[in-house]
Amino acid sequence: MLPIFRLWPVMLACSMIVAATADVRAQSFSPTQRSEIEAIIKDYLIKHPEALQQAIAELEKHQTAAEAEKVKTVIRDNHATLFSSPRQVTIGNPNGDVTLVEFFDYNCGYCKRALADMLDLMKADPKLRIVLKEFPVLGQGSVEAAQVSVAVRMQDKDGKKYLEFHQRLLGNRGEINKARAMATAKEAGLDMARLEKDMASPEIKATLEESFKLAEPLGLNGTPSYVVGSDVVVGAVGFQALKEKVSAARCGKPSC
């Protein structure tokens, strides 16, 4: 059996023949004329398979452009919530000229690796503003850790203790859950009595719901995922790729 990536161009070819044939049948041709035209179309595609490759390339180009335009529209329509929500954590330069938004999960191994990229970007770019949004997609332990994380944010307005907590928790090995997150918060010097109280606040649920409502129209279903300018970046793409996206948002080029 052919692998699916080898089959789908053939399937596309068949659909093109069917579409062309249907169009022919819709015209005022005699049965004989229709048969002749259909045979010409089929014969041409068989003799010129490169036409299929060109059609596929053009289709992919149109799909990519349409998806990029959709993402830009979603970012524009949700700009305030995405970049300036009172429920987010902002680190780096609060008045930076470019904002990088990261959606993360404390149980995501790629997020643990991507932490170094984010910290390196902060050091290398003093004009960069970074927004962190909890996006617990990897099970109940992730949800519990995110709830603690939101409570940490609620008592740390400048983000300094939050960043310490964030680094410590992502640096932990094994599954992250409420117990691990609470222990990490204590290590970071948070007010534990207030933390317990804040975790019962409706703000916890509202914050996580906000992240999921943003992620859905952006097509995000994994972590880490980023929004930079009008672009979405999915996955731990590395320091250089993120740096180029930041530069593109700043000056329209991979390097300013």
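The values are calculated or read from the model by the stated rules, or taken from the named source; none is laboratory data. Note that this is a predicted model, so its numbers are computed, not measured. Because the Cβ atoms are built from the backbone with ideal geometry, glycine has one as well, and the counts that use them run over all protein chains shown. Just the protein is used for accessible areas: all its heavy atoms, side chains included, with ligands, DNA and RNA removed. Shrake-Rupley method; radii C 1.70, N 1.55, O 1.52, S 1.80 Å.
Which whole-Hz couplings ³J(HN,Hα) result when phi for each residue of the stretch 181-197 is put into the Karplus expression 6.51 cos²θ - 1.76 cosθ + 1.60, θ = phi - 60°, listed in order with x for Gly and Pro?
5, 5, 5, 5, 4, 5, 4, 7, x, 6, 6, 6, 5, 5, 4, 4, 5
Taking R0 as 45 Å, what's the FRET efficiency between ALA241 and ALA39 from their Cβ-Cβ distance, rounded to 0.05?
Numbers: r = 50 Å, r/R0 = 1.11.
Here the calculated transfer efficiency is 0.35.
List the relative contact order of the chain as a percent without decimals, with contacts defined as Cα pairs under 8 Å and 6+ residues apart.
On the way: 309 pairs, mean separation 52.8, N = 256.
The value is 21 percent.
Which of LEU170, LEU119, LEU52 ends up with the largest GNM mean-square fluctuation for the chain, with Cα atoms connected below 10 Å?
Its mean-square fluctuation being the largest, the pick is LEU52.
Amide H to amide H under 5 Å from LEU100: which residues, 5+ apart in sequence or cross-chain, H placed 1.01 Å off N in plane?
Excluding prolines and chain starts, which carry no amide H, the hits are ARG129, ILE130, VAL131.
For the chain, take the longest principal axis of its alpha carbons; what is the angle in degrees between that and the long axis of helix 109-124, to the nearest 10 within 0 to 90?
70
Ignoring ligands, DNA and RNA, what percent of the 1.4 Å accessible area of the stretch 125-256 is carbon and sulfur?
50
Which residue fluctuates the most in the chain, going by a Gaussian network model with Cα springs under 10 Å, if the choices are PRO136, PRO49, PRO86?
For the chain, modelled as a Gaussian network with Cα springs under 10 Å, the answer is PRO49.
If the chain between LYS197 and GLU69 were fully stretched, how many nm would it gain, using 0.36 nm times the residue separation less the Cα-Cα distance?
Details: separation 128, 0.36 × 128 = 46.08 nm, distance 4.31 nm.
Fully extending the segment from LYS197 to GLU69 adds 41.8 nm.
Mean-square fluctuation check for the chain, GNM, Cα pairs under 10 Å: which of LYS70, LYS133, LYS112 is largest?
LYS70
Write down the percent of antiparallel bridges among all DSSP beta bridges whose residues are both part of the chain, to the nearest 5.
Numbers: 12 of 19 bridges.
So the antiparallel bridges in the chain amount to around 65 percent.
Pairing the Cα long axis of helix 160-170 with the longest principal axis of the chain, what angle in degrees results, from 0 to 90 and rounded to the nearest 10?
60
May I ask you to list the lysines whose Cα is less than 20 Å away from that of LYS133, ignoring any residue fewer than eight positions away on the same chain?
List returned: LYS72, LYS112, LYS157, LYS160, LYS161, LYS178, LYS205, LYS213, LYS243, LYS245.
Quick one: what are the phi-derived ³J(HN,Hα) couplings along the stretch 127-140, Karplus 6.51/-1.76/1.60 with θ = phi - 60°, whole Hz, x for glycine and proline?
9, 8, 9, 10, 10, 10, 10, 5, 9, x, 10, 10, x, 5
When a/c reaches 1.5 or more, the comparison of a/b and b/c decides; with that in mind, is the chain rounded, prolate or oblate per its Cα gyration tensor?
Values: a/c = 2.98, a/b = 2.49, b/c = 1.20.
Prolate.
Distance in nm between label sites at LYS157 and LYS127, each 7 Å beyond Cα in the beta-carbon direction?
2.9
So what's the angle, to the nearest 10 degrees on a 0 to 90 scale, between helix 50-77 and the longest Cα principal axis of the chain?
Once rounded, one gets 30 degrees.
Residue by residue through the stretch 220-229, what is 3J(HN,Hα) from phi via Karplus (6.51 cos²θ - 1.76 cosθ + 1.60, θ = phi - 60°)? Round to whole Hz and write x for glycine and proline.
Each residue of the stretch 220-229 in turn: 8, 9, x, 10, x, 10, 10, 10, 10, x Hz.
Considering only protein heavy atoms, what is the solvent-accessible area of HIS166 at a probe of 1.4 Å, reported in Å² to the nearest 10?
That residue has around 0 Å² of solvent-accessible surface.
Can you classify the stretch 109-256 as rounded, prolate or oblate using the Cα gyration tensor, where a ≥ b ≥ c are the square roots of its eigenvalues, rounded means a/c under 1.5, and otherwise it's prolate if a/b beats b/c and oblate if not? Walk me through the numbers before you get to the answer.
On the way: a/c = 1.90, a/b = 1.64, b/c = 1.16.
Prolate.
Per-residue accessible area for LYS243 at 1.4 Å probe radius, Å² rounded to 10?
90
With every protein chain left in place and a probe of 1.4 Å, what is the accessible surface of GLU38, to the nearest 10 Å²?
GLU38 exposes around 40 Å² with every protein chain in place.
222 nm [θ] for the chain, helices only, -39500 (n - 2.57) per DSSP H run of 4+, per residue, to 500?
Working: 11 runs with 163 residues, N = 256.
For the chain, the value works out to -21000 deg cm²/dmol.
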